[in-house]
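Q: Supplied in structure tokens, the structure appears directly below.
The values are calculated or read from the model by the stated rules, or taken from the named source; none is laboratory data. Note that the coordinates shown come from a computational prediction; the quantities given were computed from them, not determined experimentally. Here the Cβ positions follow ideal geometry from the backbone for every residue, glycine too, while neighbour counts run over all protein chains shown.
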Amino acid sequence: MSGIFGSNPPKQNQVNQRPVINLSPKHKFRWHSKFPEAQLLLVVPRAIWNRTRAYVPHYEAVHLAGRFGADPGDYEWEVFDNPQGLKWWRRTVGGDPAYCAAVIAPSTDLDTVELFGLLDIASDSPWWFDSIFDMAKIHKRAETISRQKNVAIEKAEIWVSIEDEYKPRNLLTTAKDENGIAWRVGDVDEVTLLQNALVGLFDRARTAILPGEVSTGPIKKGTGSLKK
């Protein structure tokens, strides 16, 4: 890919393996074994990471949208600690936030920080069916199962999506948790969405004026560049 991460193309896995995009292919990730399910890998300067975590609570925290929600792309992030990370609460067209992914920094001891992006999509999420190739086919089979088993069409659709799509494509992580919710990772398009959302967040954080910076200004262009 060209642009902020240089000219190296994203690294992806083969067919029927979970897609992975590596934006820092020349870097040897020392924490990767702790997060083998990560689908987005990148390295950023610690200054950019710290600045982004300071920026989010003032400008883009999910709770800042208020009770009427916000447009997709606005107010979608949450900062968390232990380990340090960001949650992506992707917004629907109607403005409601729905948890979609997390970006984790296992260690911030060095000048560069390894980041691992994990798509984490629940079966009760508005994003659950986004990776289906043929939703009409899923719905048709679910209608038959719904009649035969006397179950709600919504539950039948989830079951068919798991059996016909997400299990065969190795996208399923949990068929049913303690609350009866299934979980999956993302396809390559969803990993790309996370990549674009995160890179955009870094760019906005780098150029924003944070509280206490009125006299000093934001990080100047070129300082703490993400380019590798």
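Q: Could you look through the stretch 75-101, keep only residues that are within 15 Å of the chain's Cα centre (by Cα) and surrounded by fewer than 14 Cβ atoms within 10 Å (Cβ to Cβ), and pick out the one that is farthest from Leu201 (Cα to Cα)?
A: Across the stretch 75-101, the extreme among qualifying residues is Thr92.
Q: Mind telling me which of the residues Arg141, Arg169 ends up being in contact (Cβ under 8 Å) with a residue 24 or more places away in the chain, of a type in the set (Lys, Arg) and surrounded by 15 or more Cβ atoms within 10 Å (Cβ to Cβ)? Give the steps one after another, and end with the answer.
A: Details: Arg141 fails: in contact (Cβ under 8 Å) with a residue 24 or more places away in the chain.
Answer to the selection: Arg169.
Q: If only one of Ile121, Ile104 is at pLDDT 95 or above, within 30 Å of Phe202 (Cβ to Cβ) and crowded, with 21+ Cβ neighbours inside 10 Å, which one is it?
A: Numbers: Ile104 fails: crowded, with 21+ Cβ neighbours inside 10 Å.
Of the residues listed, the single one that is at pLDDT 95 or above, within 30 Å of Phe202 (Cβ to Cβ) and crowded, with 21+ Cβ neighbours inside 10 Å is Ile121.
Q: Here is a further query. Does the stretch 88-107 hold any residues that are over 16 Å from Phe35 (Cα atoms) and not small (Gly, Ala, Ser), and which are they?
A: Here is the first cut: in the stretch 88-107, the residues over 16 Å from Phe35 (Cα atoms) are 88-100.
Scanning the stretch 88-107 gives Trp88, Trp89, Arg90, Arg91, Thr92, Val93, Asp96, Pro97, Tyr99, Cys100.
Q: Taking only pairs six or more apart or across chains, which ones have beta-carbon atoms under 8 Å, a first residue in the stretch 26-54 that is without any contact (Cβ under 8 Å) to a residue 60 or more places away in the chain, and a second residue that is surrounded by fewer than 19 Cβ atoms within 10 Å (Cβ to Cβ) and not in a loop (DSSP other than H, G, I, E, B)?
A: What qualifies is Arg53/Val79; Arg53/Gln84.
Q: Here's something else I'd like to know. Which one of Glu190, Glu157, Glu178 is out of contact with any Ser or Thr (no Cβ under 7 Å at 6 or more places or on another chain) and crowded, with 17+ Cβ neighbours inside 10 Å? So that I can check it myself, show each step before the final result.
A: Working: Glu190 fails: out of contact with any Ser or Thr (no Cβ under 7 Å at 6 or more places or on another chain); Glu178 fails: crowded, with 17+ Cβ neighbours inside 10 Å.
Result of the check over Glu190, Glu157, Glu178: Glu157.
Q: When the residues of the stretch 125-160 are narrowed to those that are in contact with a strand residue (DSSP E or B) (Cβ under 9 Å, 6 or more places away or on another chain) and in a helix (DSSP H, G or I), which ends up nearest to Tyr99 (Cα to Cα)? Break it down stepwise before answering.
A: Residues of the stretch 125-160 that are in contact with a strand residue (DSSP E or B) (Cβ under 9 Å, 6 or more places away or on another chain), as a first pass: 125-128, 130-131.
Those still in the list that are in a helix (DSSP H, G or I) too: 128, 130-131.
On the way: Trp128: 11, Asp130: 14, Ser131: 16 Å.
So the residue we want is Trp128.
Q: Condition test on Val43, is it within 19 Å of the chain's Cα centre (by Cα) and either modelled with pLDDT under 95 or crowded, with 16+ Cβ neighbours inside 10 Å (or both)?
A: It is true that Val43 is within 19 Å of the chain's Cα centre (by Cα) and either modelled with pLDDT under 95 or crowded, with 16+ Cβ neighbours inside 10 Å (or both).
Here is a yes/no grid of residues against (1) acidic (Asp, Glu); (2) without any contact (Cβ under 8 Å) to a residue 12 or more places away in the chain; (3) closer than 16 Å to Val103 by Cβ:
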site: Glu114; (1), (2), (3): yes, no, yes
site: Gly117; (1), (2), (3): no, no, yes
site: Ser123; (1), (2), (3): no, no, no
site: Thr174; (1), (2), (3): no, yes, no
site: Val185; (1), (2), (3): no, no, yes
site: Ala205; (1), (2), (3): no, no, yes
site: Gly212; (1), (2), (3): no, yes, no
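Q: Let me ask something else. Within the stretch 208-222, does at least one residue satisfy the condition of being out of contact with any Asp or Glu (no Cβ under 6 Å at 6 or more places or on another chain), among the basic types (Lys, Arg) and at pLDDT 95 or above? Step through it out loud before you land on a result.
A: Taking the stretch 208-222 as the starting set, the residues that turn out to be out of contact with any Asp or Glu (no Cβ under 6 Å at 6 or more places or on another chain) are 208-222.
From what is left, the residues that are among the basic types (Lys, Arg) are 220-221.
Those still in the list that are at pLDDT 95 or above too: none.
Taking every residue of the stretch 208-222 in turn, none turns out to be out of contact with any Asp or Glu (no Cβ under 6 Å at 6 or more places or on another chain), among the basic types (Lys, Arg) and at pLDDT 95 or above.
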